[in-house]
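Q: Take this structure, written in structure tokens, and hold onto it; I'll ask about it next.
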Amino acid sequence: MTDFSSIQNSVLVAARDAALQKQAANTLDGKVAIVSGSSSGIGKAIAVELASRGAAVIINYPLPSLEAEATAVLELLPTPSKAVCADMGSKDGPALVVEAAVKAFGKIDIIVNNAAIAVNKPFEEQTLDDWNRLVNVNGRGVFLLTQAALPYLTQPGSRIVNICSASSRAPPPLQTIYAGTKGMVDSFTRCWAKELSRKYGCTVNAVSPGPTRTEGFAAAGPEAMKILQPTIDSIPAAPRMAEASEIAYAVAFLCEERARWINGLHLHANGGLVVD
């Protein structure tokens with residue numbers, strides 16, 4: 001059954017956020033941001049939010065078949081930006097994105113490790129192929145993209161923001177591998193905030209969405225939605241999924257100059273679903 005009230009709320013939130021973006025000052029003017037996995041979903045919303053604040057954005061998409069989708073995102077951005085086809089789950093993809101950013105803009109100010117995939121299946125049915133796909137994109141991709149970008153970060157004032165998940169701290173059923181990979185990203189954030197900040201003049205933080213209205217979430221299937229619906233209904237702020245723009249705002253906040261003293265934070269952008 002179609003939830004018309006939820007759809008109406010989504011439209012209202014999108015319209016309000018679009019109006020606020022137009023009013024935003026160019027607080028990230030001159031910055032260069034890489035947002036992995038940004039041709040749709042949360043990554044797309046992050047790219048739009050950062051660009052609305054003045055940042056040039058490297059849009060990343062994994063397959064040539066998604067070029068039109070990525071181009072459509074570029075057309076939404078008010079800043080000189082670029083789309084790069086590179087698979088974050090491959091060994092060479094992350095470095096290709098960094099090379100394209102440096103070639104186009106000569107530096108990197110912001111890294112948003114957003115690209116991720118999920119498998120929602122009973123534990124007994126999850127396979128080694130599932131393991132390899134999720135670990136390579138969700139874990140190794142974050143590792144390699146950040147490592148490749150470090151030599152080009154501006155100092156001081158650069159930002160690394162890892163998109164984690166509520167599943168890293170409060171995993172639901174069916175997400176054994178996905179939750180495990182997001183736990184890896186959670187640990188990366190804690191480690192890098194201590195190890196990299198002085199060396200590279202950066203802050204390192206994580207943003208953890210809960211259920212968010214995206215194409216990927218819609219593709220999870222009815223069985224996954226049936227299991228997750230009680231969780232969505234229990235979210236303290238409101239019994240609904242987040243809008244991608246709401247997650248993007250949390251990311252942009254951490255990228256601002258005035259957020260320079262926030263380091264090692266795991267920011268739960270999930271309506272109070274997880275509080276720790």
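The values are calculated or read from the model by the stated rules, or taken from the named source; none is laboratory data. On a predicted model such as this, the values are computed, not experimentally measured, just so you know. Reconstructed Cβ throughout: ideal geometry from the backbone, glycine too, with neighbour counts over all protein chains shown. Note: areas computed on protein heavy atoms with side chains; ligands, DNA, RNA excluded. Shrake-Rupley method; radii C 1.70, N 1.55, O 1.52, S 1.80 Å.
Q: Kindly provide the set of residues from segment 121-137 that are closer than 24 Å to Asp92 by Cβ and either open to solvent by 50 Å² or more (accessible area, probe 1.4 Å) or more than 18 Å from the chain's Cα centre (by Cα) (or both), ordered by number.
A: Within segment 121-137, Leu128, Asp129, Asp130, Trp131, Asn132, Arg133 meet the criteria.
Q: OK, next. In segment 47-91, which residues are crowded, with 19+ Cβ neighbours inside 10 Å, closer than 20 Å to Gly106 by Cα and of a type in the set (Gly, Ala, Ser)?
A: Result: Ala47, Ala51, Ala55, Ala56, Ser81, Ala83, Ala86.
Q: Can you tell me which residue in segment 242-276 is least open to solvent (accessible area, probe 1.4 Å), limited to those that are under 20 Å from the mean Cα position of the chain (by Cα) and of a type in the set (Phe, Trp, Tyr)?
A: Phe253
Q: Another question, then. Which residues, taken from segment 94-110, are in contact with a Phe, Trp or Tyr (Cβ under 9 Å, 6 or more places away or on another chain) and assigned to a loop (DSSP other than H, G, I, E, B)?
A: Gly106, Lys107
Q: Would you mind finding the one in Ala72, Ala83 that is at pLDDT 95 or above, farther than 10 Å from Ser38 by Cβ and among the small types (Gly, Ala, Ser)?
A: Answer to the check: Ala72.
Q: Would segment 74-81 turn up any residue that is of a type outside the set (Ser, Thr, Tyr) and under 23 Å from Phe217 (Cα atoms)?
A: yes
Q: Right, next: In this structure, is Lys44 of a type in the set (Lys, Arg), farther than 25 Å from Glu257 by Cα and either crowded, with 22+ Cβ neighbours inside 10 Å or at pLDDT 95 or above (or both)?
A: Numbers: of a type in the set (Lys, Arg): yes; farther than 25 Å from Glu257 by Cα: no; either crowded, with 22+ Cβ neighbours inside 10 Å or at pLDDT 95 or above (or both): yes.
So Lys44 does not fit the description; no.
Q: Is it the case that segment 216-236 has a residue that's under 14 Å from the mean Cα position of the chain (by Cα) and surrounded by fewer than 18 Cβ atoms within 10 Å (Cβ to Cβ)?
A: Within segment 216-236 (the criterion being under 14 Å from the mean Cα position of the chain (by Cα) and surrounded by fewer than 18 Cβ atoms within 10 Å (Cβ to Cβ)), the answer is yes, since at least one residue qualifies.
Q: Ok, one more. Filter segment 230-265 for residues that are in a loop (DSSP other than H, G, I, E, B) and of a type in the set (D, E, K, R) and give the result.
A: Across segment 230-265, the qualifying residues are Arg240, Glu256, Arg260.
Q: Conditions: (1) closer than 23 Å to Leu254 by Cβ; (2) part of a helix (DSSP H, G or I); (3) of a type in the set (A, V, I, L, M). Ile227 meets all but one. Number of the miss?
A: It is condition (1) that Ile227 fails.
Q: If I ask for residues that are at pLDDT below 95 and aliphatic (A, V, I, L, M), which ones from segment 115-144 would you list?
A: Residues satisfying the conditions are Ala118, Val119.
Q: Something else: For residues that are touching a helix residue (DSSP H, G or I) at 6+ places or on another chain (Cβ under 8 Å) and of a type outside the set (A, V, I, L, M, F, W, C), tally how many sit in segment 40-79.
A: Residues in segment 40-79 being touching a helix residue (DSSP H, G or I) at 6+ places or on another chain (Cβ under 8 Å) and of a type outside the set (A, V, I, L, M, F, W, C): 11 in total.
Q: If I filter segment 177-194 for residues that are of a type in the set (Asp, Glu), at pLDDT 95 or above and under 29 Å from Thr127 (Cβ atoms), do I get at least one hit?
A: yes
Q: Filter segment 203-234 for residues that are polar (S, T, N, Q) and without any contact (Cβ under 8 Å) to a residue 24 or more places away in the chain and give the result.
A: Answer for segment 203-234, where residues must be polar (S, T, N, Q) and without any contact (Cβ under 8 Å) to a residue 24 or more places away in the chain: just Gln229.
Residues are listed down the side, and each one gets a yes or a no for (1) part of a loop (DSSP other than H, G, I, E, B); (2) open to solvent by 60 Å² or more (accessible area, probe 1.4 Å):
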{"site": "Val112", "(1), (2)": "no, no"}
{"site": "Ala116", "(1), (2)": "yes, no"}
{"site": "Val119", "(1), (2)": "yes, no"}
{"site": "Pro156", "(1), (2)": "yes, yes"}
{"site": "Ala170", "(1), (2)": "yes, no"}
{"site": "Asp186", "(1), (2)": "no, no"}
{"site": "Thr189", "(1), (2)": "no, no"}
{"site": "Ala193", "(1), (2)": "no, no"}
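Q: On the given criteria, is Thr181 part of a helix (DSSP H, G or I), under 23 Å from His266 (Cα atoms) and open to solvent by less than 50 Å² (accessible area, probe 1.4 Å)? Talk me through it step by step, then tell me what you get.
A: Details: part of a helix (DSSP H, G or I): yes; under 23 Å from His266 (Cα atoms): yes; open to solvent by less than 50 Å² (accessible area, probe 1.4 Å): yes.
So Thr181 fits the description; yes.
Q: Identify all residues within segment 24-38 that are more than 11 Å from the chain's Cα centre (by Cα) and either open to solvent by less than 40 Å² (accessible area, probe 1.4 Å) or closer than 14 Å to Ala70 by Cβ (or both); write none if there are none. Can you show your working first?
A: Step one: of segment 24-38, the residues more than 11 Å from the chain's Cα centre (by Cα) are 24-33.
Passing the criteria: Ala24, Leu28, Val32, Ala33.
Q: Pick out the one residue from Pro239, Pro209 that is over 19 Å from Gln147 (Cα atoms), under 21 Å from the mean Cα position of the chain (by Cα) and not hydroxyl-bearing (Ser, Thr, Tyr).
A: Going through Pro239, Pro209 in turn, just one is over 19 Å from Gln147 (Cα atoms), under 21 Å from the mean Cα position of the chain (by Cα) and not hydroxyl-bearing (Ser, Thr, Tyr): Pro209.
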